[in-house]
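Right, one structure below, let's go through it.
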């Protein structure tokens, strides 16, 4: 079954079962419980593993299992929107990752929970690059960020694809009820209001993004680091080697740079200018996303997030 047919049929399925998670035996990673298409063979060393259909179950689960979709729970136009940060650690060298990439894009497009904004980030690790394909969007800093999560969450090792919600919860793709409950829990958590007061692309150098991040007085009792991520709104690759050889891959909100710009102190407001230099994949127009978020050390809980788009002409 081709990728288009998989996605088309996947949204029609609600009940799914997942086999045991796929782990890749490398020094730094394993492929975990994955979002896989029918009859998609994965490898654990040389052992083939066959997974069942998952498709886009997440959104049907929202529609059928989440009470927030009833008319009495629809958000009013002037109601505050709660941001939820969804990070996907992924790689173009991982054969299990394209379905997860597609799911992240659906989450971004459909925004399935009223009253919330799913702010998504696609973070490409570099530990798959030795398997024949160098992911052009990968970086050692993203691998370091995932490794820090592994320590903070008490996991045995890093793996791809891995979804993290607000820095503290893993989204398990094999459990509809858990997924709905997890995102509802994130939606109910109070967040510090944050603002991207300004953001521009340097007219003389389109590889430089400047701006200012602000927040109201923090009611949180713990300090939080303030990060700014600049991401490519959309990115594509034609993979010629490795596990995804011959496939055309598409990604959303691909992190190009992630920088800590300051610290949010309890009981204090925050304001900080930032300047971030990018390595652009090509010359010409493109759309960028600027995501600012506050996160407790660890890395820990995300206590606030905001998104703003900017174009390079």
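Going by a ≥ b ≥ c, the root eigenvalues of the Cα gyration tensor, does the stretch 146-285 fall in the rounded group (a/c under 1.5), the prolate group (a/b larger than b/c) or the oblate group? Because a/c hits 1.5 or more and a/b fails to exceed b/c, the stretch 146-285 counts as oblate.
With viscosity set to 1.567 mPa s at 4 °C, what whole-number translational diffusion coefficient in µm²/s follows for the stretch 78-151 from Stokes-Einstein and a Kirkwood radius over Cα pairs?
Values: Rh = 13.6 Å.
Translational D for this selection: 95 µm²/s.
Projecting label points 7 angstrom from Cα along Cα→Cβ for residue 172 and residue 221 puts them 2.9 nm apart.
When 243, 265, 169 are arranged by Cβ crowding within 10 Å, least crowded first, meaning fewest neighbours, the order is 265, 169, 243. Listed by Cβ neighbour count within 10 Å, with the fewest neighbours leading, 88, 280, 258 appear as 280, 258, 88. By the count of neighbouring beta-carbon atoms within 10 Å, fewest first, 288, 103 end up ordered 288, 103.
Bear in mind that the values in this text are calculations on the coordinates, not laboratory data. Owing to the predicted nature of the structure, the values given are computational and were not obtained by experimental measurement. Here the Cβ is made from the backbone with ideal geometry for all residues, glycine too, and neighbour counts use every protein chain on show.
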